[in-house]
Structure formats: C-alpha cells, structure tokens
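Okay, structure first, notes after.
None of the figures in this text is laboratory data; all of them are computed from the coordinates on show. Treat the numbers as computed from the prediction; the structure is a model and nothing was measured. Glycine also receives a Cβ, built like all others from the backbone with ideal geometry; neighbour counts cover every protein chain displayed.
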Amino acid sequence: MTFADPVQAGVSRAAQAARDSGPLLRLTGVSKRFPGVLALSHVDFDLRRGEVHVLFGENGAGKSTLINIIAGTYPPDEGEFVYQGETIGRLTPHTARELGISPVFQEFSLVPELTVEQNLFLGRELTRAGVLDRAAMRAKAREVIDLLGFDLTPGRKVRDLSRAHQQMVEIAKAFLADVRLLILDEPTASLTEAEAGKLFDLVSKLKAKGVGIIYVSHRMREIKQIADRITVLRDGRKITTVEAADVSENDLVELMTGRKIDVLFPHIEARPGEKLLEVEGLTLVNRTVTDVSFYARAGEITGVAGLVGCGKSELVRAVYGLELIESGEVRLGGEIVAHPSPAGLLKRGLCYFPSDRVAEGLALGRPVRENASMTALDLPAFARAGILRRGGERRAVQSIADRLKLRPPHIERAVANFSGGNRQKVLLARGLTRDINVYLFDEPTVGIDVGAKTEVYALMKDILATGAAIVLVSSELPEVLHLSHRVYVMHRSRIVAELTGADINEQEALPHFFREHDAEPGR
C-alpha cells in the first residue's frame, strides 16, 4: 500500500479549493472571425457554479459563436479560456464532453435512420469485451429519459419522431455524461408548457448540485423565470452583464437592439376580401388531421393555434402537398386542387414556409442568392430558354435581401454562416421572388429575437396590404391572438373552435387547448 505525501496532498487540496472558489468558466478577450465577418470582438464572459447565466441578443449578435467556442466546435482566434481554474488550449467537442461540458444546440444533430438509443450513444457506445453492450445502453437510455420525464421510446427511429420529440432526444444526449457545464440553446422552442416545466425542474436540481448552466433564449418569460444573470451581446460585442432581478423586459430589449421597441405586435388592419383558400373535411392518412374545414380570406391573417402535436403544422403541410391526404378537398381561388404539390401550388400563387428551416427550408451549403431564387427559376426574370440570367437573379435577390434587412447583406455567402434569424429571412425571401396570393407561415418566429420578430411582423403587414391571404400557424399564443383577424383552435387533430372579433383573447382560446373530448368546429 502506498501513502500520499501529506505536503503534496495539502497542496492538492488547496489547489482544488482555489478551483472551487473561482468561477466555473472564465473567458477573457475572446474574438472570432469568419470570412468577411467579425463574429466576436474581445468578449469577456464568466459562469459561476450553480447558476443559470442567460446569453441574450439579436440573431447575429454572436451568441451561437460564443457557445460553439465553449463547446469546442470553434477555436477562438484570440483570448483566454479558463475552465475550473485551468487554462484550456486546444478544445475539441470530444475533450469538452470529457470535461463535463454538454451542449444542446438549437439545430439538431441527429441521424434520422438511427434509433433514439443509437443517437444518444453515437460516438460513445458502451462495450463489453469489445462487443456493443446493447442491454447497458438500453438501460442507461431509459434511465436518462425517465429522469427527464420525456415521452420517448429508445428503440424508435428518429425519422418517425415529431420535432418536439427530436428536441427531447437532443436534450437527453446532454445528460448521458457527468454534466458540470450545461449549454441550452433555445431548448423549449418545440416543447409544450408541461415538457418545458419538467426541464426547468431539472435545471433547478442541477443548480443545487453546482452545475453551471448557459441558457440561450428569446422568450422573456423563461428568462425571468430561471435566470440568475444575463449577458447581453450586440454585433459581436458584450454590452453588459446584469443581475436578472434588477432588469425589466423593456430594459433588456433596449440593451439588445440599441433602440426602444414600443410595440412588439403592430396593428394590422383587416381588409377582408374573397376566400382565396378553402379546406373542406380534410383528413390525413396518418390521422394527425381529422375532418378539418377552414378558409382564409384575402386581406386577413387567419391564425391556427394549439399545443405542440395538435395537428396544426400537419394541416398546412397537407395543403401544400407535403402530407398524404385520405379525404377532403382543397380549393384555391375557388378551384379544386386535385392533387396538391409544392411545384403546382407555387405556380398557382401559394407559398409555404416550414417550421424547420434547416431540415426542410434551406440548402445551408449554398449561397443566399440560390436559396432565395430556387422557387422562381421558371420565371422570365430569372431564366430564359432554360438558361439562368445571373444578372437578373442577383439584382432581384439583392433587392429582397435589402428589404428584409439581411445581416450581413452578402447574397453570395453560404446560408450556414448566418444566424437563425437571418436564415429565416432567407427563407422568407423565397416567397417574395414571385407573385403569391396565399402565404402559409408555420412557426415563422421560432428561435429568432425580438428585433427580427418585429421585422417579420412588418413583412406580414406589407404582404396583407397587397391583398394576399396569410395563414399563421404558431405555438406562441400571444403571437396568434395579436396578429390574427380570425383564429382556429386545434386540439387532438381537429378544429374545436373558431374565434373572431372580441372573442380573440386568451380567456376564450385557452380552454379549448385542454379539452377532454373532441368537438365539432365552431362556425
């Protein structure tokens, strides 16, 4: 038996005490450049043990770059990185994970063809005598899922999961290891209130154990509920760090944008015209939508509200030809659409903006120009005799990018190099390259900041003024209620209420979210 040197042991205990007394993480003067962009400029940031430190800022402010540096995805160009009292040199995602740094990013990193269990253990499989220990992985997966309180089946393939359940898998991945520093990037964007509540309970337990949590969110209610401190970034620079209890929501918005935003939701006047879109008795093969009827008028925003998984997203996807229809009828401009398809509907003046802009909406490796114009290449302004007119394409897309205030306004830059809010603007640009009469917006402001939201709402106001119709699907009830002129509430695959006029309010809408039985649509 060997014994430790008491002097050395004393030094080790002193060193450990020093590490424990200081911040868990300290970044000093961190900068990061990408081609043509200074993403971070001499940013200081620290995280204490047992606290939730919120990163707050507009899309493009540098939040994603900062958390990617902490997670080992990007190396900083300059600055000091101190973790648990030790200076860290070259950090990789693998070494970060070994150090107890667990990120949950807004953009999913799942393999659709693998099961939940396989995705959880991808790159860190458990083995016994050189053979995969499937029983141990299944047991560990179930243990983590039960801890989180998520409704997940380890053996189910990710491709068959809803976006909400895929979000749960991403969160579960972070809890397989011994977590010391947890990064949560818009973790509740696809979760119900109940699921988000379970996550917040877990966050409280982790805080009590001394885990430091970096939380990125644009949802003010969440921030005020769980934050201890808030660091505001703007244009790649740190503006300030404040105690969450000492700052109001209006103060945060002003710090984030550098300007006052007096009204988040603009007043959009209804100019009701003819019914441009009519859906009658629509039922999908997978039964996520059952016997649904609704219509959208020119000059109006028609809202569709409901809990995650109620069928509202599947409804607009079906209208656009992305879901298999078993029965029912879709009419556009009074004419029956026999076999809805994206290409056919675009030509007839209907455009759909998906909620998952990465998986379905954008080609991340291609430039803004190509992403914005890809649905308009059959138009004379973009092509003639099958040959692309690059000059016309470039001028048209640049004009739209300027109108949407794309930042930076470089249309030859790959979409992958833009922030979430600016990616959403690229997606929206696609609907402005041709004449559209009906716009289907599915969660148009998910994961984007307050400033970008006001710009999206302003775009909707401009669109409506042209006499078009908008269908707005959103899990953000205030968004639907403030912007819509008529609201349909969905519950368990059916429309259970139709609200108009003074009835468009939370008191009238919320009871329908939690009905115990299906009801006939309100008419």
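List the GluC sites (Glu not before Pro) in segment 383-463 that DSSP assigns to loop (not H, G, I, E or B) and whose Cβ has at most 16 other Cβ atoms within 10 Å. Which are they?
Working: sites: E393, E412, E455; in loops: E412.
Loop-located and lightly packed - E412.
Looking at segment 83-136, which trypsin sites (Lys or Arg not before Pro) are DSSP coil and have at most 15 other C-beta atoms within 10 Å of their C-beta?
Values: sites: R90, R97, R124, R128, R134; in loops: R90, R124.
Answer in residue order: R90, R124.
Once the Cα-Cα distance is subtracted from the 0.36 nm per residue extended length, the I336 to A245 segment shows a gain of 27.2 nm. The value of relative contact order for the chain, using C-alpha pairs under 8 Å at least six residues apart, is 15 percent. Under the membrane-span-like helix rule (DSSP H runs whose alpha carbons stretch at least 18 Å along the helix axis, mean Kyte-Doolittle hydropathy -1.0 or higher), the chain yields 6-21, 134-148, 193-208, 450-465. A helix-only calculation puts the chain at -9500 deg cm²/dmol for mean residue ellipticity at 222 nm, using -39500 (n - 2.57) for each DSSP H run of at least four residues, averaged over all residues.
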